[in-house]
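Worksheet for the structure shown next.
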Amino acid sequence: MTDDTPSRHDRVRRHATRSPRNSLAHWPDARNPLRVAINYVVVWLVRISPSLRFKRWLLRRLGAAVGEGVSWGLEATPDVFWPELITVEDHAIVGYDATLLCHEFLQEEYRTGEVVVGERAMIGAGAIVLPGVEIGAGASVAANSLVTRDVEPGETVAGVPARPMDGDSLAED
């Protein structure tokens, strides 16, 4: 994730809609409504189940790539439209009420992109990760952050939008 690494915007796919109406109005053209309904029920079970083993199993049934020992917090939400674009590597933590989005419905297009959470990375409670973002191994995302850019391995980010924390800003808290 150096300067020559593509940004999330370079990794998302753009899909035009067939009329000037906003793209969310066309969601049934983008995904089969029955598939979304099934995903919604499974996502609901993922959100409320206290069993991490069951959550990992359900996430894999949705098509997400989920590593060994992944901890998925209560109320945490995977993308309901494109859960198969999520990868959570071994021993990562997705905190309470965090959201991993793999889509953005905009006015004249919608976008899809993979979300990758690296090995032993941590996503804090209430954080939102946007499509196309890669969170490096051992990285940390603070609670209630909005992750709009890649997070380097081992880096800690916080805020809206999330920015790297340096030693001085950590000491002020």
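The values are calculated or read from the model by the stated rules, or taken from the named source; none is laboratory data. These figures come from a predicted structure and were not determined experimentally. Heads up, the Cβs are rebuilt from the backbone with ideal geometry, glycines too, and the neighbour counts pull from every protein chain shown. Just the protein is used for accessible areas: all its heavy atoms, side chains included, with ligands, DNA and RNA removed. Shrake-Rupley method; radii C 1.70, N 1.55, O 1.52, S 1.80 Å.
For the subset of region 61-74 comprising residues that are assigned to a loop (DSSP other than H, G, I, E, B) and open to solvent by 60 Å² or more (accessible area, probe 1.4 Å), which member is farthest from N32 (Cα to Cα)? Within region 61-74, the match that is farthest from N32 (Cα to Cα) is E68. Out of the residues in region 103-117 that are in contact with a Pro (Cβ under 7 Å, 6 or more places away or on another chain) and closer than 13 Å to V147 by Cβ, state the one that is surrounded by the fewest Cβ atoms within 10 Å (Cβ to Cβ). Once the filter is applied, the top-ranked residue is G113.
Screening L58 against (1) modelled with pLDDT of 95 or more; (2) touching a strand residue (DSSP E or B) at 6+ places or on another chain (Cβ under 8 Å); (3) surrounded by 15 or more Cβ atoms within 10 Å (Cβ to Cβ) leaves a single unmet condition, (2).
Here is a yes/no grid of residues against (1) under 16 Å from the mean Cα position of the chain (by Cα); (2) open to solvent by 10 Å² or more (accessible area, probe 1.4 Å); (3) touching a residue at least 60 places away in the same chain (Cβ under 8 Å):
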residue	(1), (2), (3)
V129	yes, no, no
V133	yes, no, yes
A137	yes, yes, no
A143	yes, yes, no
L146	yes, yes, no
T156	no, yes, no
V160	yes, yes, no
R163	no, yes, no
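Any residue at all in region 84-93 that is part of a helix (DSSP H, G or I), within 25 Å of A143 (Cβ to Cβ) and open to solvent by less than 50 Å² (accessible area, probe 1.4 Å)? Yes, region 84-93 has at least one match.
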